[in-house]
Amino acid sequence: MTHPTGDPAIPDPAERARRNTALHTDNIETGFFDESGRPAPWPDDIDHWRPETREPDTGQPGEQAF
């Protein structure tokens, strides 16, 4: 379900640790993966993540988008 303010719900570090343990125990994926493509726990630094925002690429007139 979408958060009412539009912001994702990021659990605090203690809650992440609890969830990571439960997910590992139940063999459930978090949606994060390591460099080898294996399921990984929540990142420790997710509190510091910020969305990347920039202006959309407009391209040249007559240029195919893809």
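Please treat every number below as a calculation from the coordinates, not as lab data. Predicted model, so just to flag it, every value in this text is computed and none were measured. As a convention, Cβ positions derive from the backbone with ideal geometry for all residues, glycine included, and neighbour counts pool all protein chains shown.
Sorting the segments 32-42, 49-59 by their residues' average number of neighbouring beta-carbon atoms within 10 angstrom, most packed first, yields 32-42, 49-59.
Between the amide H of THR30 and those of ALA40, distances stay under 5 Å, these residues lying 5 or more places away or on another chain, with hydrogens modeled in the peptide plane.
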